[in-house]
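Beneath this line is the structure, given in structure tokens, with notes to follow.
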Amino acid sequence: LDPAAEQELTDGFHLVIDALKLNGIETIYGVPGIPITDLGRMAQEEGIRVISFRHEQNAGNAAAIAGFLTKTPGVCLTVSAPGFLNGLTALANATTNCFPMILISGSSEREIVDLQQGDYEEMDQLAIAKPLCKAAFRVLHAADIGIGVARAIRAAVSGRPGGVYLDLPAKLFSQAMDAEAGAKSLVKVIDAAPAQIPSPAAVDRAIDLLKGAKKPLIILGKGAAYAQADEEIRAFVENSGIPFLPMSMAKGLLPDTHPQSAGAARSTALKDADVVLLVGARLNWLLSHGKGKTWGDKPKQFIQVDIEPREMDSNVEIKAPLVGDIGSVIAALNARIDGNWQAPPAEWVETIRSKKEANIAKMAPKLLKNSVPMDFHSALGALKNVIKERPDAILVNEGANTLDLARGIIDMYQPRKRLDVGTWGVMGIGMGFAVGAAVETGKPVLAVEGDSAFGFSGMEVETICRYDLPVTIVIFNNNGIYRGTDTDPTGRDPGTTVFVPGARYDKMMEAFGGVGVHVTSPDELYRAVSAAMDSGKPTLINAVIDPAAGSESGNIGSLNPQSVVKKK
Ligand code: ADP
Ligand code: MG
């Protein structure tokens, strides 16, 4: 008997799978192909859930949102070169949004790539990934897979979360080694995202500022949602009595209907506040960089809670930086809200409350119109009720007007239920986020999509049908980008922002065995969405919106450069 034949072997394929499983990774999102097709098959065989998409960007977005929802890096698996580049867009987006994610791509032979001899799908992927993510690693030896996966996980979730690239050359997968030595080489990452306790002096500084405030405001960002410190945050808001303003993906951390929510009085709150406490929200473009018209001309003092020290003073001076993880920082603040704490002046609280009520009352009639054709308000009025009746459903939202108006109109009631275009305001996250959210949470998902936004990931309706996911897609179909009314001044082609008029997106869903519905009134829309969400069946509802209803670029039209010589 040959003793070598007796020896138990493992190989690169199995070590990658074992390393992921050891670290609690239960799902891989990806697109199969050379050299990772068998890796996907074997992962499935070994009990990992493998969700195969039609395009890597959507798989990457699913992985990214899995990371946001679970605080465990979402894993996306792609082929080399073009597949890698498609996934890289999602990885860069995840990094920008501070979502933990690992992009694993197969790659071509190092020897050939480095000599640029023209391999199949040749590309120096590691070098290309590096500037676009938080960290990038390559593993060349099977014995290093355990360390490589451990480093990727720790890099993704510790400190400010973000995207990590892991490069696995084709040759690695078939490298064999002794099974026992292989098992020993794996690393279980202990305390991957350690608590980061704020310094007591920093806490004192923040509390002093808050105590001196006449018009304090708390801004909750998606970092606060990510942190899963929901109870600490609620206690802090309620015990401090300070009005709060949620950023888009922080909606629902406390219900939008909470008496302290300043959501519907946003402009007033930002303009008039004197001390602003930022919790996991950056002073980037979404907050007008902390200065200018949005913030009014009264002096502001900022307190900022963030795990990333370099975020402080990024746009304006931060008077009280509170560096640490949100759970630990808010716990430290809560310990200081004691019997001596004074609620904010009643006048400020009342200013916010009355402004909010006036704005809500002004909006109300627009949401109740049962108009045909629908406009954005009347359609969203119907969807607002759907979410009110199903507060644990997850809302995915992208588009221009569809995004801006849904953000304001649809109230959220629970944390991490609103997933949207994030920091870049990017179109194309829709179906990836919908799949990721459905797979990770098992909750019903409602994706409210502009017809243009949907187009970037629309082929994934097949994926949704294939895996029979409880996803309801509503297309706000106004025949185009922003509006459906552009024309070509020369009369040759359609206008640059319009689509085929009267398109029936619902037929796409039927092609794959899903349910397609076509609706033209808010009542029909409400009934169709309610039925779809109750059934749990993959459904796409084509909601006809007046082509003239949208405004250019939604709320951010001012970002469009203007030509000075534009012909009349
Ligand atoms: P929004 O767009 O909602 O304003 P941002 O993405 O701009 O939110 O900001 C999120 C911030 O939260 C980032 O600066 C990030 O470093 C921070 N962050 C993420 N997770 C944590 C955490 N667990 N503790 C503290 N800060 C965090
Ligand atoms: Mg449109």
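Out of all the residues in the stretch 162-177, is one or more in a helix (DSSP H, G or I), buried (at least 23 other Cβ atoms within 10 Å of the Cβ) and among the small types (Gly, Ala, Ser)? Outline the logic, then answer.
Our first condition is that a residue be in a helix (DSSP H, G or I); within the stretch 162-177, this holds for 170-174.
Of the ones still in play, those that are also buried (at least 23 other Cβ atoms within 10 Å of the Cβ) are 172.
Checking which are among the small types (Gly, Ala, Ser) leaves us with none.
The answer is no; no qualifying residue exists.
Only one of these is crowded, with 20+ Cβ neighbours inside 10 Å, more than 16 Å from ligand 2 (Cβ to nearest atom) and farther than 18 Å from GLY263 by Cα: LEU287, LEU368, LEU333. Name it.
LEU333
Of the conditions (1) closer than 23 Å to THR72 by Cβ; (2) assigned to a loop (DSSP other than H, G, I, E, B), GLY425 fails just one. Which one is it?
The one condition GLY425 does not meet is (1).
I want to confirm something. Restricting to the stretch 343-365 and keeping residues that are among the basic types (Lys, Arg) and closer than 25 Å to GLU238 by Cβ, which single residue is surrounded by the most Cβ atoms within 10 Å (Cβ to Cβ)?
Pass one, the stretch 343-365, residues among the basic types (Lys, Arg): 353, 355-356, 362.
Filter once more, so that each one left must be closer than 25 Å to GLU238 by Cβ: 353, 355-356.
Working: ARG353: 18, LYS355: 18, LYS356: 20.
Here the residue is LYS356.
If the requirement is being in contact with a Gly (Cβ under 6 Å, 6 or more places away or on another chain) and away from ligand 1 (no atom under 16 Å from the Cβ), which of these qualifies: SER457, SER452? Reasoning before the result, please.
On the way: SER452 fails: in contact with a Gly (Cβ under 6 Å, 6 or more places away or on another chain).
Selected residue: SER457, the only one of SER457, SER452 that is in contact with a Gly (Cβ under 6 Å, 6 or more places away or on another chain) and away from ligand 1 (no atom under 16 Å from the Cβ).
List the pairs whose first member sits in the stretch 48-62 and is among the charged types (D, E, K, R), whose second member is surrounded by 18 or more Cβ atoms within 10 Å (Cβ to Cβ) and assigned to a strand (DSSP E or B), and whose Cβ atoms are under 8 Å apart, counting only residues at least 6 apart or on separate chains?
Close Cβ pairs satisfying both conditions: ARG49/THR27; ARG49/ILE28; GLU56/GLY30; GLU56/CYS76; GLU56/THR78.
Taking only the stretch 206-227 into account, find how many residues are near ligand 1 (Cβ under 8 Å from one of its atoms) and part of a loop (DSSP other than H, G, I, E, B).
First, the residues of the stretch 206-227 that are near ligand 1 (Cβ under 8 Å from one of its atoms): 219-227.
Next cut, part of a loop (DSSP other than H, G, I, E, B) only: 221, 227.
Result for the stretch 206-227: 2.
Answer yes or no as to whether ALA548 is more than 16 Å from ligand 2 (Cβ to nearest atom), out of contact with any helix residue (DSSP H, G or I) (no Cβ under 7 Å at 6 or more places or on another chain) and at pLDDT 90 or above. Write out each step before concluding.
Values: more than 16 Å from ligand 2 (Cβ to nearest atom): no; out of contact with any helix residue (DSSP H, G or I) (no Cβ under 7 Å at 6 or more places or on another chain): yes; at pLDDT 90 or above: yes.
Considered against the rule, which asks whether it is more than 16 Å from ligand 2 (Cβ to nearest atom), out of contact with any helix residue (DSSP H, G or I) (no Cβ under 7 Å at 6 or more places or on another chain) and at pLDDT 90 or above, ALA548 comes out as no.
Considering the stretch 529-568 alone, what residues qualify as being touching a residue at least 40 places away in the same chain (Cβ under 8 Å) and acidic (Asp, Glu)?
Just the residues of the stretch 529-568 that are touching a residue at least 40 places away in the same chain (Cβ under 8 Å), to begin with: 529-530, 532-533, 536-556.
Passing the criteria: ASP546, GLU552.
Would you say ASP451 is in contact (Cβ under 8 Å) with a residue 24 or more places away in the chain, within 16 Å of ligand 2 (Cβ to nearest atom) and surrounded by 21 or more Cβ atoms within 10 Å (Cβ to Cβ)?
Numbers: in contact (Cβ under 8 Å) with a residue 24 or more places away in the chain: yes; within 16 Å of ligand 2 (Cβ to nearest atom): yes; surrounded by 21 or more Cβ atoms within 10 Å (Cβ to Cβ): yes.
The answer is yes for ASP451.
Just checking, how many residues over the stretch 230-261 are on the phi < 0 side of the Ramachandran plot, part of a loop (DSSP other than H, G, I, E, B) and over 18 Å from the mean Cα position of the chain (by Cα)? Working first, answer last.
Keep residues of the stretch 230-261 that are on the phi < 0 side of the Ramachandran plot, which gives 230-240, 242-251, 253-261.
Restricting the remaining residues to those that are part of a loop (DSSP other than H, G, I, E, B) gives 242-243, 247, 251, 253-260.
Subset that is over 18 Å from the mean Cα position of the chain (by Cα): 242-243, 254-260.
Going through the stretch 230-261 one residue at a time, the tally reaches 9.
Which one is farthest from the chain's Cα centre (by Cα), of the residues in the stretch 351-379 that are assigned to a helix (DSSP H, G or I) and within 14 Å of ASN477 (Cα to Cα)? Write out each step before concluding.
Step one: of the stretch 351-379, the residues assigned to a helix (DSSP H, G or I) are 351-368, 376-379.
Right, trim to within 14 Å of ASN477 (Cα to Cα) and you get 376-379.
Numbers: PHE376: 23, HIS377: 24, SER378: 26, ALA379: 24 Å.
Checked the stretch 351-379; the qualifying residue farthest from the chain's Cα centre (by Cα) is SER378.
Does LEU380 satisfy being out of contact with any Ser or Thr (no Cβ under 6 Å at 6 or more places or on another chain), within 30 Å of GLN228 (Cβ to Cβ) and within 16 Å of ligand 2 (Cβ to nearest atom)? It would help to see each step written out before you state the result.
Values: out of contact with any Ser or Thr (no Cβ under 6 Å at 6 or more places or on another chain): yes; within 30 Å of GLN228 (Cβ to Cβ): yes; within 16 Å of ligand 2 (Cβ to nearest atom): yes.
Spelling it out, LEU380 is indeed out of contact with any Ser or Thr (no Cβ under 6 Å at 6 or more places or on another chain), within 30 Å of GLN228 (Cβ to Cβ) and within 16 Å of ligand 2 (Cβ to nearest atom).
Restricting to the stretch 6-45, name every residue that is buried (at least 23 other Cβ atoms within 10 Å of the Cβ) and assigned to a strand (DSSP E or B).
Once the filter is applied, which keeps residues that are buried (at least 23 other Cβ atoms within 10 Å of the Cβ) and assigned to a strand (DSSP E or B), the stretch 6-45 yields ILE28, TYR29, GLY30.
For ALA531, only one of the following conditions fails: (1) surrounded by fewer than 21 Cβ atoms within 10 Å (Cβ to Cβ); (2) among the small types (Gly, Ala, Ser); (3) part of a loop (DSSP other than H, G, I, E, B). What is its number?
(3)
Can you tell me how many residues within the stretch 282-314 are closer than 20 Å to ILE556 by Cβ and under 23 Å from the mean Cα position of the chain (by Cα)?
9
Any chance you could count how many residues in the stretch 245-262 are over 19 Å from LYS291 (Cα atoms) and within 14 Å of ligand 1 (Cβ to nearest atom)?
Selection size over the stretch 245-262: 6.
Conditions (1) of a type in the set (A, V, I, L, M); (2) buried (at least 24 other Cβ atoms within 10 Å of the Cβ); (3) under 22 Å from TYR226 (Cα atoms), marked per residue:
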residue: PHE433; (1), (2), (3): no, yes, yes
residue: ALA437; (1), (2), (3): yes, yes, yes
residue: PRO444; (1), (2), (3): no, no, yes
residue: VAL461; (1), (2), (3): yes, yes, no
residue: VAL474; (1), (2), (3): yes, yes, no
residue: TYR482; (1), (2), (3): no, no, no
residue: THR487; (1), (2), (3): no, no, no
residue: THR490; (1), (2), (3): no, no, no
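Within the bounds of the stretch 498-512, is there any residue that is away from ligand 2 (no atom under 16 Å from the Cβ), assigned to a loop (DSSP other than H, G, I, E, B), within 30 Å of TRP285 (Cα to Cα) and not basic (Lys, Arg)?
no
Return the pairs, sorted by first residue and then second, in which the second residue is part of a loop (DSSP other than H, G, I, E, B) and within 7 Å of ligand 2 (Cβ to nearest atom), the first residue lies in the stretch 471-489 and is closer than 11 Å to ASN542 by Cβ, the beta carbons are less than 7 Å apart, and the residues are 6+ apart or on different chains.
As it stands, the answer is PHE476/GLY399, since those pairs meet every condition given.
Identify all residues within the stretch 539-568 that are part of a loop (DSSP other than H, G, I, E, B) and within 26 Å of GLY425 (Cα to Cα); write none if there are none. Steps first, answer last, please.
From the stretch 539-568, those part of a loop (DSSP other than H, G, I, E, B) are 546-553, 560-568; that's our starting set.
Answer for the stretch 539-568, where residues must be part of a loop (DSSP other than H, G, I, E, B) and within 26 Å of GLY425 (Cα to Cα): ASP546, PRO547, ALA548, ALA549, GLY550, SER551, GLU552, SER553, ASN560, PRO561, GLN562, SER563.
Just name the residue that is nearest to the chain's Cα centre (by Cα) out of those in the stretch 478-518 that are within 22 Å of LEU403 (Cα to Cα) and among the basic types (Lys, Arg).
Quick first cut of the stretch 478-518, residues within 22 Å of LEU403 (Cα to Cα) only: 478-486, 496-506, 517-518.
From the residues that got through so far, the ones that are among the basic types (Lys, Arg) too are 483, 504.
Details: ARG483: 26, ARG504: 28 Å.
Filtering first and then ranking leaves ARG483.
Which ones in the stretch 46-57 are farther than 20 Å from THR72 by Cβ and surrounded by 18 or more Cβ atoms within 10 Å (Cβ to Cβ)?
The answer is HIS55, GLU56, GLN57.
Being surrounded by fewer than 19 Cβ atoms within 10 Å (Cβ to Cβ) and under 17 Å from GLY221 (Cβ atoms) is the filter here; which residues of the stretch 314-326 pass it? Even if it seems obvious, please write down each step before you answer.
The initial filter retains those residues of the stretch 314-326 that are surrounded by fewer than 19 Cβ atoms within 10 Å (Cβ to Cβ), namely 314-317, 319.
Scanning the stretch 314-326 gives SER314, ASN315, VAL316.
Which of (1) within 30 Å of PRO365 (Cβ to Cβ); (2) not in a helix (DSSP H, G or I) is the odd one out, the single condition ARG492 does not satisfy?
Condition (1) is where ARG492 drops out.
Right, LYS184: more than 16 Å from ligand 2 (Cβ to nearest atom), assigned to a helix (DSSP H, G or I) and without any contact (Cβ under 8 Å) to a residue 60 or more places away in the chain or not? Lay out the reasoning, then the answer.
Numbers: more than 16 Å from ligand 2 (Cβ to nearest atom): yes; assigned to a helix (DSSP H, G or I): yes; without any contact (Cβ under 8 Å) to a residue 60 or more places away in the chain: yes.
When the stated conditions are applied, LYS184 passes them.
The values are calculated or read from the model by the stated rules, or taken from the named source; none is laboratory data. Keep in mind that this is a model prediction, so the values were computed, not measured. Cβ atoms come from the backbone with ideal geometry, glycine included; neighbour counts cover every protein chain shown.
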